[in-house]
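The values are calculated or read from the model by the stated rules, or taken from the named source; none is laboratory data. Computed from a predicted model, the values in this text were never measured in an experiment. Note that we place each Cβ from the backbone using ideal geometry, even for glycine, and neighbour counts take in every protein chain shown. Note: areas computed on protein heavy atoms with side chains; ligands, DNA, RNA excluded. Shrake-Rupley method; radii C 1.70, N 1.55, O 1.52, S 1.80 Å.
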Amino acid sequence: MNQRTSQLVSRLLMHGILIVMAIAFLLPFAWLVATSFKTNEDVGGSVLLPMGDGLFGVAWDRLNLDGYRKLFNESPIVSGLLASTFLASVTAVSATLLSSMAGYALAKLNFKGRSLATNLVLGAVIIPGPLLLAPGFVILHQMGLLDSYWGLVLPAAAPAFGVFLFRQAAMSSVPDTLIEAARIDGCGEFRIFLTVALPLLRPMVGAFMLITFLGVWTNYIGPQVVLQSPGKFPLAVVVAQLRGTYYQEYAMMMAGTLVSVLPVLVLFLLLQREFISGLTSGAVKG
Amino acid sequence: MLAPWLLLFAVFTMWPLAMAGKLAGSQTFGPGASTGVGFANFRDLAEDPLFLLACKNTVLYTLGSVFIQLPLALGLALLLNRPDIRARAWFRLIIFSPALVGAAFSSMMFAVILEKRTGLMNLLLNRLVGLDVNFPWLERHILPALIIASLWQWTGFNMVYFLAALQNVRQDLLEAARLDGAGPIRRFWLVIMPAIRPVAGFVVLLSIIGSMQLFELPYIMLSSSGGPENRGLTIVMYLFQMGFESGNLGYASAIGWVLAVVLIGLAVVQRKVSGDSEAGA
């Protein structure tokens, strides 16, 4: 075998491996979609779509919307969608605003206690969330914030990790001379932040907002601990509870999961460039 | 400018942290009633068979995840970093996309995928290799089931980090090594590995930290329990059950501290190791 053929074979082999991997990663999604339209009896009868005499040998007429009908009629999926949208957007905006302000202040402003605050942030980044679960619950109880959205939004609006990321971003992409020039022009500190620093931090703003949105949208343990009224539950809790109540209703459970996953999947596919760059920036710069 | 963040941080991170210290030394019955018990919670933990089982399960899961997932992620990253591969962006997107699903929702998917008789996994394996369609993933083989589910979810996420790291590999060095007659394996260990080591260390740490806090996947897949004989009980699940199902927030905090000390210890060790290697280079 000469070198060209062996190169061709190895290229084909590599593409083959990747195609098999891609199919393996896509199959659970395909299964999710297919199952949400199937009857229970067809779920075990075929790997993806039920076979029959329809187009491409698929029994299209055996697929139906019963799972979706049941989902929207019998479960609080609509209030879950509204709750998740509200919680995720409010938390994403407030966490991004507060973290960018704090990160910028730690990177660029001189004030007493700055190094103490910086050490606080760096130390807090490594505190694992579950440690704060029980004491957080006690504090929310004492403040009367249990079973309210405030009890979820306020703790999530001050992430140490966000401040850490924005501090890094401000140090590397906001030049001191620009801030000095704005000060000489008589610009107030907050206006400097809004009009000079924030535009320069834009890539990190987009990425961090998306990451926070996704984190809140998929958060299960937080609402499970803080909320008590079923009418307030976000999607993660609503959908997980289907497994208890509708244990055998495969189509309904998968319809609920698909309805929850689809909006973020679409959002992130549209904004993927921003998201992936933000995801890796912590590792590459840190 | 720091004030709004600092206020919330103090109330919802520092205050809970201080209270976690106090709680760990108390026995509580719900958020209102508690009595001080000193270090009794930690002494009880050391002899609590369920806690030890949870630790064992969590550590085994973590090892399984790290040793299967990360090599796969790195392998895929190496493939997708080659300029002679077509449609790289598509492959990357497809393999990364499960990371967007979120643990609560992927648990729902895998709860159904791993069902006996009706689940995708058994149907597929039955047709491909003749596995019994009644293979009891969720009844007996829970740890492999958890490792498979998180393999699907997080491989692409780690791959993206490795891909970013591979951009630090100097092409001229690779070319020089090739001209000197170094094969692909030698090139990998001598040129690629040193260049991606800082990020690789970070990915390993991140993945251990994430795995050690496993909760939603087994909790939802096994219908709010540790499963048969608690084969799927994890540390955070035990913390949750103790604190919020039994109301013993003190005991839950003690579990939280054990977890925190281990994870922070690992982070410190990783920092030291990567710091030393940089100093040596």
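When peptides B:194-203, B:114-123, B:83-92 are sorted by average Cβ neighbour count within 10 Å, with the highest value leading, the order is B:114-123, B:194-203, B:83-92.
Just want to confirm a number: the relative contact order over region A:70-285, from Cα pairs under 8 angstrom separated by 6+ residues, in percent.
Relative contact order comes out at 36 percent.
Computed over chain A with a Gaussian network model linking Cα atoms closer than 10 Å, the most mobile of A:Ser36, A:Ser173, A:Ser89 is A:Ser173. Accessible area buried by the pairing of A and B, both sides summed with a 1.4 Å probe, works out to roughly 7900 Å². Annotation: amide H of B:Ser26 within the under-5 Å range of B:Val37, sequence separation 5 or more or interchain, hydrogens built in the peptide plane. At q = 0.10, 0.15, 0.19 Å⁻¹, what is the log10 ratio I(q)/I(0) for region A:70-285, with the Debye formula run over Cα points and no solvent? The computed values of log10 I(q)/I(0) come out as -0.54, -1.03, -1.35.
Farthest towards the positive end of the charge dipole of region B:136-281, among the residues B:Ile192, B:Phe202, B:Met159, is the Cα of B:Ile192, using unit charges on the Cβ of Lys, Arg, Asp and Glu.
How large, in Å, is region B:147-227 by the Kirkwood hydrodynamic radius built from its alpha-carbon pairs?
Result for region B:147-227 stands at 15.1 Å.
Average accessible surface for region A:70-285: 42 Å² per residue, computed with a 1.4 Å probe over protein heavy atoms with every protein chain in place.
What you get for the protein assembly as shown, charging only the Cβ of Lys and Arg (+1) and of Asp and Glu (-1), is a dipole of about 1180 debye around the Cα centre. The helix-based estimate of mean residue ellipticity at 222 nm for chain B, built from -39,500 (n - 2.57) per DSSP H run of four or more residues and divided by its residue count, is -21500 deg cm²/dmol to the nearest 500. One equal scatterer on each Cα of the protein assembly as shown, no solvent, Debye formula: the resulting log10 I(q)/I(0) at q = 0.08 Å⁻¹ is -0.60. Relative to the longest principal axis of the Cα atoms of chain A, the long axis of helix A:235-245 makes an angle of roughly 40 degrees. Using every Cα-Cα pair within region A:32-135, state what percent have a distance larger than 18 Å. For region A:32-135, the fraction of Cα-Cα distances above 18 Å is 72 percent. Surface composition of region B:1-139: carbon and sulfur atoms hold 68% of the protein heavy-atom accessible area at a 1.4 Å probe. The angle between the Cα long axis of helix A:3-36 and the longest principal axis of the Cα atoms of chain A comes to about 80 degrees, rounded to the nearest 10. Put the Cα centre of region B:139-163 next to the Cα centre of region B:113-129 and the gap is 18 Å. Computed from backbone phi, the HN-Hα couplings of region A:198-207 come to 4, x, 6, 8, 3, x, 5, 4, x, 5 Hz, rounded to whole numbers (Karplus: 6.51 cos²θ - 1.76 cosθ + 1.60, θ = phi - 60°; Gly and Pro given as x). Centre-to-centre separation between the Cα atoms of region B:1-58 and those of region A:51-92: 40 Å. The residue list B:Gly265, B:Leu249, B:Leu50 was ranked by how far each Cα lies along the charge dipole of region B:40-280 toward its positive end, using unit charges on Cβ atoms, and B:Gly265 comes out on top.
Counting only whole DSSP H helices of chain B, the ones at least 18 Å long by C-alpha along their axis and with mean Kyte-Doolittle hydropathy no lower than 1.6 are B:49-80, B:193-212.
In region A:219-273, what is the volume of the convex hull around the alpha carbon atoms, normalised per residue and reported in Å³? Numbers along the way, then the final one.
Working: hull volume 5.2 nm³, N = 55.
Spread over its residues, the Cα hull of region A:219-273 gives 94 Å³ apiece.
Each 10 Å bin from zero holds the following percent of Cα-Cα pairs in region B:1-107: 11, 19, 22, 24, 17, 6, 1. Each Lys and Arg Cβ is given +1 and each Asp and Glu Cβ -1; about its Cα centre, region A:70-285 then shows a dipole of about 300 debye.
With axes computed from alpha carbons, what is the tilt in degrees of helix A:77-108 against the longest principal axis of chain A, rounded to the nearest 10 within 0 to 90? It is inclined by approximately 30 degrees.
Answer rounded, prolate or oblate for region A:109-217, using the Cα gyration tensor with square roots of eigenvalues a ≥ b ≥ c: rounded when a/c is under 1.5, else prolate when a/b is larger than b/c, else oblate. Verdict is prolate for region A:109-217. A cut-off of 5 Å between modelled amide H atoms, ignoring neighbours fewer than 5 places along the same chain, links A:Met51 with A:Ala59. Shown here are the Rg and Dmax of the Cα trace of region B:40-280, at 20.8, 67 Å. Build a GNM of chain A with springs between Cα atoms under 10 Å apart, and of A:Met253, A:Met171, A:Met143 the one that fluctuates most is A:Met143. With all projection directions averaged, the alpha carbon convex hull of region A:3-64 covers 5.6 nm². Mean per-residue shielding of peptide B:110-120 is 5, counting Cβ atoms of other chains within 10 Å of each Cβ. Listed by chain and number, the lysines placed with their C-alpha closer than 18 angstrom to that of B:Lys116 are A:Lys38; residues fewer than eight positions away on the same chain are left out. Contact order for chain B, expressed relative to its length and based on alpha carbon pairs under 8 Å spaced 6+ residues apart, stands at 29 percent.
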